[in-house]
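The values are calculated or read from the model by the stated rules, or taken from the named source; none is laboratory data. This is a predicted model, so every value here is computed, not measured. Cβ coordinates were reconstructed from backbone atoms using ideal geometry, including for glycine residues, and neighbour counts include every protein chain displayed. SASA here: full protein model, heavy atoms, side chains in, ligands and nucleic acids out. Shrake-Rupley method; radii C 1.70, N 1.55, O 1.52, S 1.80 Å.
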Amino acid sequence: MSARRALIAGLGLIGGSIGLALRRRGWHVAFFDSNPDLDPGEAADQRVASLDADADVVILATPVDVAVRLLASLHAPLTTSVCSVMSPLRAIADDRFVAGHPLAGCAERGIAAARADLFEGATWFIDRDDATIRELIAACGANAELVDAAEHDHAVALTSHLPQILSTALAAYLHEQNADLRFAGPGLRTFLRLAGSEASVWSPIIEANRENLRPHADAIAELVREIIEGNGSPFANANDLFTKL
């Protein structure tokens, strides 16, 4: 039986980690990347000049805006994505596409941070069932979970995208206020862990999921004002949620 063949578009942290994991399981991995100088290391067997190369599955591991453009012109028999949003891709796709999102990552980015074990035990959301995609997910050590694309995007607006926005906003505000960092303790460092993320990664995600994010901005600002004015009930709600995590 010949080896499965995957073609990864975008060999960064996620794409590179997928390549490392799949090759460890005997898959043949080709990659396509806009950076002509990118060294794939052990994450791929070969570089290809286009996404028309022969593969069992094409994996879109680019920012979501790039993934949308690539998907619009793809004619592969099977394509999946690993972006943080699903709906913009599902909106232009047919039944040869499976929107996906592995819940995994790290503070670093790029191929240098890729790890073969990045997805071990992680949940990997997919919006349509497909045997080859399940095989890919299992080869990466993750667990497939079916979800509606719109439901997924609504949920991750709160659990993934909003934390990034709040961390970035606070760090930017402290910078504007010339905060005295001699007084920065471990609490601030923990809260700002995501503040090192780059706009090139997150701006497309926020733009793609803006309608799900907008309602929460005013609600959180109001909650902040209530806490400052002495309302202690949010602490109880926060404690309850924290224990569930």
Tabulated pairs, the stretch 105-130, first at positive phi and free of Cβ contacts under 8 Å to residues at least 40 places away in the same chain, second assigned to a loop (DSSP other than H, G, I, E, B) and open to solvent by less than 30 Å² (accessible area, probe 1.4 Å), C-beta under 8 angstrom, 6+ apart or interchain: Gly121/Gly141; Gly121/Ala142
Residue tally, condition touching a strand residue (DSSP E or B) at 6+ places or on another chain (Cβ under 9 Å), farther than 13 Å from Ala61 by Cα and among the aliphatic types (A, V, I, L, M), over the stretch 13-29: 3
Count - residues of the stretch 1-15 that are closer than 15 Å to Ala49 by Cβ and not small (Gly, Ala, Ser): 3
Residue match in the stretch 40-63 (condition: more than 19 Å from Arg5 (Cβ to Cβ) and open to solvent by less than 20 Å² (accessible area, probe 1.4 Å)): no
Matching residues, the stretch 1-22, being open to solvent by 40 Å² or more (accessible area, probe 1.4 Å) and either small (Gly, Ala, Ser) or free of Cβ contacts under 8 Å to residues at least 60 places away in the same chain (or both): Met1, Ser2, Ala3, Arg5
Wholly enclosed helices (runs of 4 or more DSSP H) of the stretch 173-245 bearing at least 1 residues acidic (Asp, Glu): 199-208, 210-228, 233-244
Among (1) open to solvent by 60 Å² or more (accessible area, probe 1.4 Å); (2) modelled with pLDDT under 95 - the single one Ser197 does not satisfy: (1)
Members of the stretch 23-39 that are open to solvent by 70 Å² or more (accessible area, probe 1.4 Å) and under 20 Å from the mean Cα position of the chain (by Cα): Ser34
Hey, Ala179 in contact with a Phe, Trp or Tyr (Cβ under 9 Å, 6 or more places away or on another chain) and not charged (D, E, K, R) or not: yes
Single unsatisfied condition, Gly110 versus (1) modelled with pLDDT of 95 or more; (2) more than 24 Å from Leu245 (Cβ to Cβ); (3) not aromatic (Phe, Trp, Tyr): (1)
Residues being closer than 24 Å to Glu211 by Cα and among the basic types (Lys, Arg) - total across the stretch 76-118: 1
Selection count where residues are part of a helix (DSSP H, G or I), touching a residue at least 12 places away in the same chain (Cβ under 8 Å), open to solvent by 50 Å² or more (accessible area, probe 1.4 Å) and among the acidic types (Asp, Glu), scope the stretch 138-171: 0
